[in-house]
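Report on the structure given below.
The values are calculated or read from the model by the stated rules, or taken from the named source; none is laboratory data. The model shown is predicted, which means the values in this text are computed figures rather than measured ones. Don't worry about glycine lacking a Cβ; one is built from the backbone with ideal geometry, like all the others, and counts go over all protein chains shown.
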Amino acid sequence: MKPILVKDYMTTKLVTFRPGMDILVAMEMLIRGGISGGPVVDDDGMLVGVLSEKDCLKVGLDYSFNKVRPGFVSSYMERGVETVDILDSVSDVALLFSEKHFRRFPVLDRERDDKLVGQISRRDVMKAVVDIIT
């Protein structure tokens, strides 16, 4: 049986953020889009981090406790992001999700200089499982 690959289930239409973007604008994008996070890319489209709802909660805490005015995405995003490759198996990604607390993994194409090509979520993997079993 042929392995089911990340590229078959990943999302390619991503909401992305820039490090220099106002964090409040990014938060509005998350809210309007009904999404819980997304990749942060530089001007060349290369992945430099991920911004999640959890990261955005720090904005409120900073303001509530320290009266720190919100700044830029780069001040709140997670750096050193774990990623998966477009040709990884969905089974391997399911194992990663079971071991990690992440809701999503950015998908890179290592054959194209680690270009960000999508994102795979827990829900995407669940869909693959249902498709395999039914």
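The table for this structure:
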item: Among (1) over 29 Å from Glu28 (Cα atoms); (2) without any contact (Cβ under 8 Å) to a residue 40 or more places away in the chain; (3) of a type in the set (Gly, Ala, Ser), the one test that Ser89 misses; result: (2)
item: Leading residue by the ranking (nearest to Tyr76 (Cα to Cα)) among those in segment 15-53 that are assigned to a loop (DSSP other than H, G, I, E, B) and among the acidic types (Asp, Glu); result: Asp42
item: Segment 95-108, residues that are at pLDDT below 95 and surrounded by 14 or more Cβ atoms within 10 Å (Cβ to Cβ); result: Phe102, Arg103, Arg104
item: Failed condition for Ile132, given (1) closer than 24 Å to Asp22 by Cα; (2) exposed (fewer than 12 other Cβ atoms within 10 Å of the Cβ); (3) in contact (Cβ under 8 Å) with a residue 40 or more places away in the chain; result: (1)
item: Answer from Asp62, Asp22 - the residue that is modelled with pLDDT of 95 or more and among the charged types (D, E, K, R); result: Asp22
item: Residue selected from segment 75-88 under the condition surrounded by fewer than 16 Cβ atoms within 10 Å (Cβ to Cβ) and more than 14 Å from the chain's Cα centre (by Cα), by the criterion farthest from Val6 (Cα to Cα); result: Ser75
item: Test for Val81: is it in a loop (DSSP other than H, G, I, E, B), of a type outside the set (Phe, Trp, Tyr) and closer than 27 Å to Ser91 by Cβ; result: yes
